[in-house]
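Report on one structure; see the data block that follows.
The values are calculated or read from the model by the stated rules, or taken from the named source; none is laboratory data. Bear in mind the structure is a predicted one, so any value in this text is a computation, not a measurement. Don't worry about glycine lacking a Cβ; one is built from the backbone with ideal geometry, like all the others, and counts go over all protein chains shown. For accessibility, only protein heavy atoms count, side chains too; no ligands or nucleic acids. Shrake-Rupley method; radii C 1.70, N 1.55, O 1.52, S 1.80 Å.
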Amino acid sequence: MKKLSLLLLFVLIHLCSFAQESASINGYITNVKTGETLISANLALKDTRKGTSTNTSGYYSLTDIPPGTYTVVATYIGFKRFEKEITLTAGQKLRLDIKLTPQEYQLDEVVVESEKEKEEQRNIGLAQIKTELIKKVPTVFQADVFRSLQLLPGVKSASDFSSGLYIRGGSPDQTLILLDRTTVYNPTHFFGFFSTFNPDAVKDVRLYKGGYPAKYGGRLGSVLTIYNKDGNRKEFQGSATLGLLASRASFEGPLKKGSWMMAIRRSTLEPLLAVLRQSNDNIPSSFYFLDMNGKVNYDADPNNKLSLAFYSGVDDLNFPIAEDADIKINYGNQTLSSTWTHIFSEKVFSNFTVTGSRYFNFPSFNIASTPFNRSNNIYDFSAKDDIEYLPNNNHEISTGFWMGSLTLKLQDTFDGKDTFGSRIKSLYGSWYLQDKWNLSDRWILTPGIRLNAFSEGNYFKLDPRLSLEYRPADRIRLQAAYGRYTQFLTLISNEAFTGFDVWLTADDGVPPAYGNQYVIGAKTIPWEGYGLDIEAYYRSMKNLFEPDPFLPDQAGLPYRDIFRFGSGYAYGTEIYFERRVGRLTGFAGYTFSVTRRKFPNFNEPLLANGPARFYPPKYDRTHDLKLVLEYKLSSRWSTTAVFNYATGQAYTKPLGRTAAFDFPTSGTNLDQLIVGRVNASRLPPYNRLDLGFTRKGTFFGIGQAKWQFQIINAYSRRNIWFYNYDLDNNPAKRKAVKLLPILPTISYTLDF
Amino acid sequence: MKRILILFVFASLLFTACNLYRQDSYQEDYVVESYLVANAGLPKVRLSKTVPIQKKYNFQQTAVSKASIEIRKLNADSSVAETYPYAQSSPGIYTSVVAAKVQAQQLYQLHITTADDHQITATTYVPGDFKTVNKLQDRYIYQSDNQIKITTTPSEYITNRQTYYIFTVNALRPKTENLTPFYKDLVENNDNAIENYYVNSSGIINEGNYDRNADGTITLDLPWLAIAFYDSNAVTANAIDDNMYDFLRSQNVQTGGSTLSPGEIQNIRYNINGGIGVFGSMASDTNRVVISRPSN
């Protein structure tokens, strides 16, 4: 016993000595021109294996540095390399805030970086998209964050009309969407055509396609985090863009001890609608969408920052559909978040945020003086804290909580009377703990655990997470991850139209959905300026609960009975190849994927009374290839191209028909289609080429200007959305409903 | 790395070559159709076959003859209480050879044996009868504040579930000049056949939308949307059984409007053994009203 005590004392003294001898550096990495913090900027000590990257607040910390003289190197794509020599004494805690200078692009330049520095420390399943790329790639009518994300491998769209994200076999409600740490419940404008995120306001977009860490939860599949800009801390600047569908303007500038940012966007369709109304009846009498983003930052002192961010957006439609009949829809989101970022010490960093989010949706119809109205509101108020603790360079411990109150209020009225109504108030909470453990120079193990609680139904769910990374060589990272994910919410939506979206929750008798994800991958840098990533995944989905689509009326039914409960799975492989240097840059992504669902009383054999079978949902595409290229013709001209080829979506091919002639409550025959397996056929392959041309210049010396001319679907391939079978014709006639034709768009942007 | 890439592409191709979810092929099925209405006589039964989707559909050409058909009244333990034999009256159409009234709150079974010895059966429970207890006005002005209100006794069902109603308005003078504005626009400007609106149906409406009055009756408001024609109309409240409920709600989804993706089609819920179709029942109550044009 005495010997053991002496041994322990010796070890303790040794550790304390080591702790006292080692030094640390910490601080923020920012853009010298704007003061904007840089997320995932790399920092390393030259000629050592020590390095790290900034977190989502732009903060870094590097500890356990033996005393000595070092060259600190900081790099970030699009910025000049930063180098500074420092000398650290024993026990010194150096605060080093680094300002990086944006790099002016020079043709044919090849940036040389060291092995450690050019590594992008990305977790498994994580993809990032640069805001500059969002504004450059040709997209329908205007730049859009979600449509740019749809270019990544593993991310699919339902159609040309939808910006919805179908990620690794999951539906859009399986992706948690956070704007400045606040949940957004219906992130769409124009009924799903665009997302609510203004590219001018956005600073960082990162998508965890799968296997996401313990810090996040509440969705089965993925997490999309979007951070808006803080605002230019050095000088006032602005930007204005005129486009065919919408126009936008953004402004930002310094405050005495901080910054502010404001961005506004509005549709500009009124002149077009007025012209169309002169020759067509079925044109809305009014339609617009509008959104505003804003942020104010206050840098109280080097260790304390406060920010207040808000978003407000609305879509409003007024559409007389026939004589004595009209539709009105008004829907949108509002979010508000306030964050306190505090550096306790070089080892402990904290982000505390209070959030509020509201989604509202008020559709109404009035047909022959018979009104139908819906009032649909979601209120979500929460508080969350994320703490990062770096006891030493081998461990990066993250912990935190997120708790809040979620109220869903839905009330339908028909002909002046209340019909279906639902008011659910839930309390939710979660806590997580994760340790990114550097087992050695080559092995990193990241175990984590997340505990979720939901008051409606009194559910407590434990979600374990684990990821492992091995670096056999400097340019290769092999990764594997496992996670369990729980989801307490479900979304009623239509892929073609998100104007009626309704969220419902788990409750007594309606258990939450859950699933496991297994991911393996390799991230490599085969040559200078190139990246090659390969990932494979498998996902299970259990207890998928969704409102039964065969219920014509929910009134009078117990809450549990309005749902159907099913299961699903998805697996696939993604290859991502990127070139970042030279005149020609871009990426190619290939996805092989399979996704299936099964629900009771659906896809059963017609006469055999057999059980329900798995079937592919419509958005299941087996092969999907995307190519995104940018070529810099000169310092003024550049061109972009996006090509997408995908095998056909699933659809149900009817096999036979019959009719009912005497149905007592119908004045007409009731035609019936006879089908075999649901969605067992495939539409023709989808392919489309979009081209864009950009010319930079100046605007009367006021500022930089840019013309963008784009051609969507350059060779006007009429891809098929779905087939419609018209049984009024005999024999039945199949008609293809097609997607977008060739569409030119033009926009003009002024930066000042 | 090159080898890993080749391996992944090869594995992908291999997976896709093995398509385990193949499109199946058409199979011909027998189709039955018959509806029992409480307090009405025994209904006719139609028997036919399906046709492949690419072929022309005609009932007469698909009609099935020489089948042996019975409707049986069942006891609560499913034993047969009475049998009503049917005979073919025209190709594919069979009528009862005996006169009998359909009873409310009664179990019935359809039993068919085709000429090739194929058996088709189905069962229905006729919903409880109900009646209007309030006196309706003879005349209502279209889209006035005075809406048509029907107060009825409740209809009972074997499983004590809520009643599923369908309201129909049957125009008794369906002339073009009698169309109400909304329907006039549908017919004249949107190429819809006027015959589509001779019988205007509300679709399925749950009893849960209405509160029960203190005396146990239910007051149902007829929306103006249901009125396609001015002048005389027969307004009928129908309480349907589970078979009609399943058939109609799944047939509506086939024609679109649900949350299923476009192009995703599911078979209708038929509740027939040995075939498809509908053997349903309902109870009804009808009132006649006259709808006048508004004065302006």
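Quick look at the numbers
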{"read-out": "Residues (among the β-branched types (V, I, T) and either within 14 Å of chain B (Cβ to nearest Cβ) or loosely packed, with under 15 Cβ neighbours inside 10 Å (or both)) located in the range A:413-440", "value": "A:T413, A:T419"}
{"read-out": "Criterion (open to solvent by less than 50 Å² (accessible area, probe 1.4 Å) and either hydroxyl-bearing (S, T, Y) or farther than 25 Å from B:A239 by Cα (or both)) met by exactly one of B:A100, B:A115, B:A87, B:A104", "value": "B:A87"}
{"read-out": "Failed item in (1) within 13 Å of chain B (Cβ to nearest Cβ); (2) modelled with pLDDT under 95, with A:F661 passing the rest", "value": "(2)"}
{"read-out": "Within the range A:384-412, tally of residues that are open to solvent by less than 30 Å² (accessible area, probe 1.4 Å) and among the hydroxyl-bearing types (S, T, Y)", "value": "3"}
{"read-out": "Hits in the range B:223-262 (condition: more than 7 Å from chain A (Cβ to nearest Cβ), free of Cβ contacts under 8 Å to residues at least 12 places away in the same chain and at negative phi)", "value": "B:T255"}
{"read-out": "A:V510 under 30 Å from B:Q162 (Cα atoms), in contact with a Gly (Cβ under 8 Å, 6 or more places away or on another chain) and either open to solvent by less than 30 Å² (accessible area, probe 1.4 Å) or not charged (D, E, K, R) (or both)", "value": "yes"}
{"read-out": "Pairs where the first residue, in the range B:190-216, is outside any loop (DSSP other than H, G, I, E, B) and the second is among the aromatic types (F, W, Y), C-beta under 6 Å, 6+ apart", "value": "B:Y197/B:Y183; B:S202/B:F167; B:I204/B:Y164; B:I205/B:Y165"}
{"read-out": "In the range A:499-508, the residues that are touching a helix residue (DSSP H, G or I) at 6+ places or on another chain (Cβ under 6 Å) and within 18 Å of A:Q411 (Cα to Cα)", "value": "A:G499"}
{"read-out": "Every pair of residues 6+ apart whose Cβ atoms lie under 9 Å, when the first sits in the range B:263-274 and is without any contact (Cβ under 8 Å) to a residue 12 or more places away in the chain and within 7 Å of another protein chain (Cβ to nearest Cβ) while the second is open to solvent by 20 Å² or more (accessible area, probe 1.4 Å) and in a loop (DSSP other than H, G, I, E, B)", "value": "B:I265/A:K653"}
{"read-out": "From A:D281, A:D299, residue being assigned to a loop (DSSP other than H, G, I, E, B), open to solvent by 10 Å² or more (accessible area, probe 1.4 Å) and of a type in the set (D, E, K, R)", "value": "A:D281"}
{"read-out": "Selection count, the range A:638-658, where residues are at the interface with chain B (Cβ under 7 Å from one of its Cβ atoms) and either without any contact (Cβ under 8 Å) to a residue 24 or more places away in the chain or not in a strand (DSSP E or B) (or both)", "value": "5"}
{"read-out": "Failed condition for B:T286, given (1) closer than 30 Å to B:Q105 by Cβ; (2) more than 10 Å from chain A (Cβ to nearest Cβ); (3) among the β-branched types (V, I, T); (4) open to solvent by less than 20 Å² (accessible area, probe 1.4 Å)", "value": "(4)"}
{"read-out": "Of all residues in the range A:141-182 being open to solvent by 10 Å² or more (accessible area, probe 1.4 Å) and of a type in the set (F, W, Y), the one that is modelled with the highest pLDDT", "value": "A:Y166"}
{"read-out": "Candidates B:L20, B:L7, filtered to the one that is assigned to a helix (DSSP H, G or I) and either modelled with pLDDT under 95 or facing another protein chain (nearest Cβ under 7 Å) (or both)", "value": "B:L7"}
{"read-out": "Some residue of the range A:702-718 being within 14 Å of another protein chain (Cβ to nearest Cβ), open to solvent by 10 Å² or more (accessible area, probe 1.4 Å), within 30 Å of B:Q266 (Cβ to Cβ) and in contact (Cβ under 8 Å) with a residue 12 or more places away in the chain", "value": "no"}
{"read-out": "Qualifying residues in the range A:126-140 (those that are farther than 22 Å from A:A246 by Cβ and not polar (S, T, N, Q)) - the one surrounded by the most Cβ atoms within 10 Å (Cβ to Cβ)", "value": "A:A127"}
{"read-out": "Single unsatisfied condition, A:K626 versus (1) in contact with a Gly (Cβ under 7 Å, 6 or more places away or on another chain); (2) under 19 Å from A:G221 (Cα atoms); (3) open to solvent by less than 40 Å² (accessible area, probe 1.4 Å)", "value": "(2)"}
{"read-out": "Candidate set: the range A:233-251, residues that are assigned to a loop (DSSP other than H, G, I, E, B) and either of a type outside the set (D, E) or under 29 Å from A:Q517 (Cβ atoms) (or both); chosen: the one modelled with the highest pLDDT", "value": "A:F236"}
{"read-out": "Selection within the range A:734-746 - open to solvent by 20 Å² or more (accessible area, probe 1.4 Å), more than 10 Å from chain B (Cβ to nearest Cβ) and not aliphatic (A, V, I, L, M)", "value": "A:K735, A:K738, A:P741, A:P744"}
{"read-out": "Members of the range A:472-502 found to be among the basic types (K, R) and within 14 Å of another protein chain (Cβ to nearest Cβ), listed by number", "value": "A:R475, A:R477"}
{"read-out": "A:R475 being in contact with a strand residue (DSSP E or B) (Cβ under 7 Å, 6 or more places away or on another chain), at pLDDT below 95 and over 24 Å from A:F563 (Cβ atoms)", "value": "yes"}
{"read-out": "Criterion: in contact with a Gly (Cβ under 6 Å, 6 or more places away or on another chain) and either open to solvent by less than 20 Å² (accessible area, probe 1.4 Å) or within 22 Å of A:P616 (Cβ to Cβ) (or both) - qualifying residue of A:Y725, A:Y686, A:Y645, A:Y651", "value": "A:Y651"}
{"read-out": "Residue check for B:T180: of a type in the set (V, I, T), more than 21 Å from the chain's Cα centre (by Cα), open to solvent by less than 20 Å² (accessible area, probe 1.4 Å) and at the interface with chain A (Cβ under 9 Å from one of its Cβ atoms)", "value": "yes"}
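The rows are residues; the columns are (1) out of contact with any Phe, Trp or Tyr (no Cβ under 7 Å at 6 or more places or on another chain); (2) open to solvent by 20 Å² or more (accessible area, probe 1.4 Å); (3) closer than 28 Å to A:G499 by Cα.
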| site | (1), (2), (3) |
| --- | --- |
| B:E188 | yes, yes, no |
| B:V199 | yes, yes, no |
| B:I204 | no, no, yes |
| B:A214 | yes, yes, no |
| B:D221 | yes, no, no |
| B:D241 | no, no, no |
| B:S250 | no, no, yes |
| B:G275 | no, no, no |
| B:P294 | no, yes, no |
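Matching residues to (1) within 30 Å of B:D185 (Cα to Cα); (2) assigned to a strand (DSSP E or B):
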{"residue": "A:N330", "(1), (2)": "yes, yes"}
{"residue": "A:N333", "(1), (2)": "no, yes"}
{"residue": "A:H342", "(1), (2)": "no, yes"}
{"residue": "A:S345", "(1), (2)": "no, no"}
{"residue": "A:S364", "(1), (2)": "yes, yes"}
{"residue": "A:I378", "(1), (2)": "no, yes"}
{"residue": "A:T413", "(1), (2)": "yes, yes"}
